[in-house]
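One structure below.
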Amino acid sequence: MKIIMKHVIKNIFEKKLRSAIVLLTILLSTLVLFIGLSLNPIINETYSSMLQGSYGNANLVVNKNADDGSPFYETSELDLGELTPLNQLDLIQASGKTKLHEDEKTVSIYGLDTEMATEMDLIDVITGEVKLDHDTVIISQRAALDYSLEIGDRLEVTRGNDTYEFVVGGVSKPDGLFHSEKGNLLLITDSQKVNDMYGISSMVASTLLQVPAEELDSVITSLREGNKHFAVQKINDAETILRDEQTFQMVMMLSIIIIVLISAYVISSLTKLIITERLPVMGTFRSVGAHKGMMNRVLFLEFFVYGVIGSVFGMVLAVILLPYAADVFNEYKEYGVETIVTYDVVYLLTALLFGMLFPAFISFFRILKANRKPLKEVLFDTSFTPEKRSKWTVILGILFLALSFLLYFLNKYDGILLAILSLLLLFISVVMLMPTLLNGISNIMQMIMRSSSSGELKLGIKNIAGNKIVANNVSMIMVVFLLLLMVGISSAGIDRYVTNTLKKDFDITLSLPSNNQAIANEIKEMDGVSASYEQFISLGTSTLNNVEASFVIQGVHDFMEMDDFFEGITYVDIDKDKLTSHKNAIILDEYMTKKYNLSIGDSIEIQPVDLNNEPIEHSKPMEMIVSGTMDSSGFSSSRNSAFIPQPFFEAYFAGIFHELILRVENGYTADEVKESITDTYINHDLEVVTFDEMLGSQKATIDTLIDGITMIIGLGMVVGILGISNNLMVSFNQRKKEYAILYSVCMSKGQIVRMLLSEMLTTFLAVVIIGLFGGIALNILLTKLLYAIGMQTEFDFTFGLFGLLCLVVIILLSLSSLSLVRKVFKLNMIKELRYE
Amino acid sequence: MNRELGRHEEMASMIRTEKLCKSFKVGSNDIAVINDVDITIDSGDFVSIMGPSGSGKSTLLYLLGGIDEPTSGRVFFQEKDINQMKDKEKSRLRRTSMGFVFQFYNLVQNLTVEENILLPVTMDRKKPADYHEQLNEILEIVGLSERRNYTPRELSGGQQQRVAIARALILNPALILADEPIGNLDSKTGTEIMELFYRINKEKGITIVQVTHSEEAAEYGNRLIRMKDGMVQEPVFISK
């Protein structure tokens, strides 16, 4: 055993280049798996801690429902009943402008009790004083750094015609309340100072409460009962979901699957070559008495040792790189939100075990197959074997291809499992059909080149189909090519949707506090607003054909008015009679009606649900009559919008979101109107977003996601390129004898080089042809997968990307060929021909 | 030696060597494998080179074929110094004027019998269709007409060696160099192959130089060159 172990270790060290490539492949796949698995929880943790951080220890927020036109109230107006909160902080806000480094900045001024804010982890003063004088303010460390502000510096804030002067009295860590600072400036001061700015006294605009978590629900109920003029919300509900976790997770899983597939294919291909190379040595072992089982174990051990070394190095590197990788996905990093990196032992062990066992597992069947050969064949077999095209492989390949498309057509409800299975079958079928496809391309090329007198050119073309090693290279290039194409199509499709498909139906959108119609009415009448539309949105689920479907339910006063207002919505087929006669009429997107085979007149049951997809208390499934279909692709990417009459909505669906959509009058800009709204309603907890900001934010999210995926796929490409280069290099070593034979009987070294170049060009041609058809097939099947993760948009085959990948392939092949040319000219032909 | 020179004066030499030396570096030492060899092989000869393992017979054969390069000395093929030729010229020479037959056949495994035989034709930028008759004739000679579309893996050792011989014959070379052509075959098949070589030599007048360990195989030739420690012993003529 000691000798065998020594042999294994020696092999690894002696074959330096090949070992380096195998180890690097294992290292990268382990690394990507661990980082990929860890990212989602890390980003979730970062965002939730940021969210939580914005409110410190508070778990309830109370605002006034401004029926009287004023958002302010005295603390005593809030009836806490018998509740004694653990902590309570009253806030009042104002806004203004200041000039910093010649740039005009929007300033938010929070008036509050800074000692209580410190107690509730809302601020953390690191320099200066916590207790503030009347005109002093606390700024964030980020603002201090960005604008070179120090304790004692003066800040002039203008608000309308008034100017206020503040002195920097303290600098806080950029956490807690300062999370909301983003690109602007946030000043924290004494609440009386802000009261003075409004010309009022002892008033507040919101109250943060910290109550025992277990009493939260009962406290909310009693507070709501005792304070009809106040909105009481949980902190978590107060914020809408910041990120689309499911999409992120799905795309991340997809990336992991792709990289694992590339690694698997590279390792599998390497094991094939390594085992072929090892066979004569194995024969020698067996000729001196080692049995097949022992040989299996020796080879298995070799791959296991590779796995152990590669995965351990991979894990060490992954642990080091995880914080940097997580930072890439932290969209709020530039606003000072620190990425909270945690190392999950389960993910660590999963990746480690994967890296250790993966190569051994992949090589296992190949080892068994190789050692099944008779001893004589093992001893004398050379690696130069023709490519065999098994009839069954071709039949299975065609069957798998057909099955992949069959699954595509059967997958009417865009199920994710069927979509993944269909894609997987396509890849397997491409690999299985590759020899036949190459043979076809080679035959066509031979026919075209029939009149050519260049024998080496013809031999090169023939080798693509007939030579196992060359065919293996083409297969590997093809699989990596298609996988990268898959990522490219998805990324380009998502990107295109965000930038092109989404229609600019509004200039400003703002979310309104619940039951606050007064503000909505006021804003509609504000200067600069030319048109407005109020949206009442809730959620619902329905079981259609045994599949659960989610809908975004919108209450609509006038269906035609809605159609007129939103360019992104087009009614396809409307039954006006049904719409007017049925109080429970519903208009669905045609994507949904086609998917679930629904027609006008059909009835469906929709269960109202909350943000967590749980049925709303005391609600029951409501029967709705399909009364129209629409194309809402320019309105929402998931195409699951459903419009119902407003009275029915108000009666049975709780309004989760109340939004106001505004168009801006000519002569005004969206930013000006937004500023005017935020200034006027700074104390009303309104979230005001311009269309460009929304698009920018969506684009930023997508860009971050795509950046991250590009990073992971970049690593996959490195693995793929390493595999391809290794294949080409190893194949050169294995083909040395073939070159020597050709040299000895009929070819010059120049002719051998030309034959290799001909192989390279035919390989490239095969990649272009198979890549084109494979890419188109992939594009069709991939659409289902992207639909399954909520991206209901068109995903076109991008010729630009296809061309780029072709360019990468030709560069890679050319570079590899240059190295081969040099090697052929330096090859000692005599050494390769067996003689004493 | 006199007899050797005498023959050379009578006939044009096919191939000859002058003070041919070949040494390999093993560590820091130069080991001489071929040492000052002067031989002349005439057109139509069937020469067998024999000697113990390590005597340099195969090295000599590869030097004669221009596959290997000497450390010093010269090899003349039809009075042309082959080591003065460029790689391209040497390849053309090997393709058109010489044929090689190896102990392990050295066929291209992914090509059929017919394609293997026509390999020198295609590499010489000639049209395979123009060699249809020669191909049929050679396949007839080597007895593989029925297996022209088989790949080497589907053939026995003897059949593969026949393919190698046919490949060597296709461009009607002046010289065939064979390195232990029956070393990997059973005696019956070996005899068949040697008879084939004999017929080729007699009927086509092709000069054959073979390296062999077999005395029986050597008897098919008309000359025998014995080698020992890289040097040629006294040549022997075999009366036929």
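With respect to A:Thr136, is the statement that it is crowded, with 22+ Cβ neighbours inside 10 Å, polar (S, T, N, Q) and in contact (Cβ under 8 Å) with a residue 24 or more places away in the chain true? It is true that A:Thr136 is crowded, with 22+ Cβ neighbours inside 10 Å, polar (S, T, N, Q) and in contact (Cβ under 8 Å) with a residue 24 or more places away in the chain.
Each residue in the stretch B:189-200 was checked for being open to solvent by less than 10 Å² (accessible area, probe 1.4 Å) and in contact (Cβ under 8 Å) with a residue 40 or more places away in the chain, and 3 of them qualify. Scanning the stretch A:106-132 for residues that are acidic (Asp, Glu) and either outside the structural domain of A:Leu177 (by TED's automatic domain parsing) or part of a helix (DSSP H, G or I) (or both) returns A:Glu115, A:Glu119. Evaluate the following for A:Glu150: is it free of Cβ contacts under 8 Å to residues at least 24 places away in the same chain and either in contact with an Asp or Glu (Cβ under 6 Å, 6 or more places away or on another chain) or part of a helix (DSSP H, G or I) (or both)? No; evaluated as a whole, the condition is false for this residue.
If you scan the stretch A:133-142, which residues turn out to be charged (D, E, K, R) and either over 9 Å from A:Thr189 (Cβ atoms) or not in a loop (DSSP other than H, G, I, E, B) (or both)? Walk me through how you get there before you give the answer.
From the stretch A:133-142, those charged (D, E, K, R) are A:133, A:135, A:142; that's our starting set.
Once the filter is applied, which keeps residues that are charged (D, E, K, R) and either over 9 Å from A:Thr189 (Cβ atoms) or not in a loop (DSSP other than H, G, I, E, B) (or both), the stretch A:133-142 yields A:Asp133, A:Arg142.
A:His618 meets each of the listed conditions (1) outside any strand (DSSP E or B); (2) within 34 Å of the chain's Cα centre (by Cα); (3) not hydrophobic (A, V, I, L, M, F, W, C) apart from (2). Does any residue of the stretch B:103-113 turn out to be facing another protein chain (nearest Cβ under 7 Å), among the aromatic types (Phe, Trp, Tyr) and in contact with a Ser or Thr (Cβ under 6 Å, 6 or more places away or on another chain)? Scanning the stretch B:103-113 turns up no residue that is facing another protein chain (nearest Cβ under 7 Å), among the aromatic types (Phe, Trp, Tyr) and in contact with a Ser or Thr (Cβ under 6 Å, 6 or more places away or on another chain). When the stretch B:173-188 is limited to residues that are within 14 Å of chain A (Cβ to nearest Cβ) and surrounded by fewer than 20 Cβ atoms within 10 Å (Cβ to Cβ), the one that is farthest from B:Ala217 (Cα to Cα) turns out to be B:Asn184.
The numbered conditions (1) part of a helix (DSSP H, G or I); (2) touching a residue at least 40 places away in the same chain (Cβ under 8 Å); (3) open to solvent by 40 Å² or more (accessible area, probe 1.4 Å); (4) not β-branched (Val, Ile, Thr) are all true for A:Asp527 except (1).
Out of all the residues in the stretch A:115-124, which are open to solvent by 30 Å² or more (accessible area, probe 1.4 Å) and either among the small types (Gly, Ala, Ser) or on the phi < 0 side of the Ramachandran plot (or both)? Full working, then the answer.
In the first step, residues of the stretch A:115-124 are kept if they are open to solvent by 30 Å² or more (accessible area, probe 1.4 Å); the result is A:115-116, A:118-119, A:121, A:124.
Across the stretch A:115-124, the qualifying residues are A:Glu115, A:Met116, A:Thr118, A:Glu119, A:Asp124.
If you go through the stretch A:659-682 and keep only what is surrounded by 15 or more Cβ atoms within 10 Å (Cβ to Cβ) and within 33 Å of the chain's Cα centre (by Cα), you end up with A:Glu659, A:Leu660, A:Ile661, A:Leu662, A:Arg663, A:Ala670, A:Lys674, A:Glu675, A:Thr678.
Of note, A:Lys97 satisfies the criterion of being over 30 Å from A:Leu80 (Cα atoms) and of a type in the set (Lys, Arg).
So that you can scan it fast, the table gives a plain yes or no per residue for (1) over 30 Å from A:Leu785 (Cβ atoms); (2) within 14 Å of chain B (Cβ to nearest Cβ); (3) touching a strand residue (DSSP E or B) at 6+ places or on another chain (Cβ under 8 Å); (4) modelled with pLDDT of 75 or more:
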position	(1), (2), (3), (4)
A:Ile441	no, no, no, yes
A:Ser453	yes, yes, no, yes
A:Lys462	yes, yes, no, yes
A:Val474	no, no, no, yes
A:Leu484	no, no, no, yes
A:Arg496	no, no, no, no
A:Thr499	no, no, no, no
A:Ile508	yes, no, yes, yes
A:Asn515	yes, no, yes, no
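Taking the condition more than 29 Å from A:His134 (Cα to Cα), modelled with pLDDT of 75 or more and not assigned by TED's automatic domain parsing to the domain that holds A:Lys131, does A:Ser38 pass? When the stated conditions are applied, A:Ser38 passes them. Take B:Gln161 and tell me if it is crowded, with 23+ Cβ neighbours inside 10 Å and either on the phi > 0 side of the Ramachandran plot or part of a helix (DSSP H, G or I) (or both). Yes.
Please indicate, with yes or no, whether at least one residue in the stretch A:805-825 is of a type in the set (D, E, K, R), in contact (Cβ under 8 Å) with a residue 40 or more places away in the chain and over 30 Å from A:Phe551 (Cβ atoms). Yes.
Residue-level check: of (1) of a type in the set (Asp, Glu); (2) open to solvent by 40 Å² or more (accessible area, probe 1.4 Å); (3) closer than 25 Å to B:Ser91 by Cα, B:Glu154 misses just (3).
Taking each residue of the stretch A:386-406 that is at pLDDT below 85 and looking for partners that are small (Gly, Ala, Ser) with beta-carbon atoms closer than 9 Å, six or more apart or interchain, yields A:Pro386/A:Gly466; A:Glu387/A:Ala465; A:Glu387/A:Gly466; A:Glu387/A:Ala471; A:Arg389/A:Ala465. Within the stretch A:290-303, residues that are on the phi > 0 side of the Ramachandran plot reach no partner that is at pLDDT 80 or above with beta carbons closer than 6 Å at six or more positions or on different chains.
The values are calculated or read from the model by the stated rules, or taken from the named source; none is laboratory data. Fair warning: this is a prediction, and the values are worked out from it, not measured in the lab. Every residue, glycine among them, receives a Cβ derived from its backbone with ideal geometry; neighbour counts consider all protein chains shown. All accessible areas refer to the heavy atoms of the entire protein, side chains included, with ligands and DNA or RNA removed. Shrake-Rupley method; radii C 1.70, N 1.55, O 1.52, S 1.80 Å.
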